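Worksheet: the structure to be examined is printed underneath.
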Amino acid sequence: MKINKIIYLSLLIMACNSPGKKHEGEKIAAKIVASQVSVDMETPPPILHSNFKNIHDWLIDVCKQNQPKVEISKFEIGLFEGDDLKGNKEYMLCLIGKNTYSKGNRTEIRNDFIPKNTYFKLPEEFSKNLSHAQVLDKIIAELKDFTQSSSFERSFLANAKEIKFDRTNQPIWSK
């Protein structure tokens, strides 16, 4: 199944030219700014078995398996949360490469890179006995740790302008 979200944001800034408020020599203009964000992603499989022990191994595999066909300006790492069949919390990461395109007064953000192993289900031990906030902090710490590695420096990820953890909107790395 595909998720297809299109978000349209239109902002119209207009000033009223009422007779009592007009000043000599002042020009008042109207400007329309439109933005469109398209997300067309496969939903994560309901049961995902990962061959990776940790975030570092997953990201190394993504970099070895795939190469973006175009230069990517921003990589986002998303987080899916849910419960397994036993009622235990499950966490799954997702990596996407995005670019922003402008045409006239429109801006479009596209997913220009979706790697083969875009999803990584965190091992159960990763979040065992941790609060939700602690899990988020641990994910961020491991992502930042990866950006300090030689594997990262040699990868296409290091060519981007930024890498961001989407859940908290926190920058992980930037040029």
Strands (runs of 3 or more DSSP E) wholly inside region 91-175 that include at least 3 residues being touching a Phe, Trp or Tyr at 6+ places or on another chain (Cβ under 8 Å), closer than 15 Å to SER73 by Cβ and in contact (Cβ under 8 Å) with a residue 12 or more places away in the chain: 106-113, 162-165
From the options LYS116, LYS69, residue that is closer than 16 Å to LEU157 by Cβ, surrounded by fewer than 11 Cβ atoms within 10 Å (Cβ to Cβ), of a type in the set (Lys, Arg) and in contact with a strand residue (DSSP E or B) (Cβ under 8 Å, 6 or more places away or on another chain): LYS69
Of the numbered conditions (1) closer than 23 Å to ASP84 by Cα; (2) at pLDDT 95 or above, PHE152 fails exactly one; give the number of that condition. (1)
Which of the following residues is outside any strand (DSSP E or B) and at pLDDT 90 or above: HIS49, HIS56? HIS56
If we keep just the residues of region 119-135 that are in contact with a helix residue (DSSP H, G or I) (Cβ under 9 Å, 6 or more places away or on another chain) and open to solvent by 60 Å² or more (accessible area, probe 1.4 Å), which is farthest from PRO68 (Cα to Cα)? LEU130
Mind listing just one residue for me: the one in region 72-87 that is in a strand (DSSP E or B) and modelled with pLDDT under 90 and, of those, least open to solvent (accessible area, probe 1.4 Å)? GLY82
Top-ranked residue in region 136-161 [being touching a helix residue (DSSP H, G or I) at 6+ places or on another chain (Cβ under 7 Å) and farther than 17 Å from PHE120 by Cβ; ranked as surrounded by the fewest Cβ atoms within 10 Å (Cβ to Cβ)]: ALA158
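The values are calculated or read from the model by the stated rules, or taken from the named source; none is laboratory data. These figures come from a predicted structure and were not determined experimentally. Using ideal geometry, Cβ is built from the backbone for each residue, glycine included, and neighbour counts are taken over all protein chains shown. Quick note on the areas: whole protein, heavy atoms, side chains included, nothing else; ligands and nucleic acids left out. Shrake-Rupley method; radii C 1.70, N 1.55, O 1.52, S 1.80 Å.
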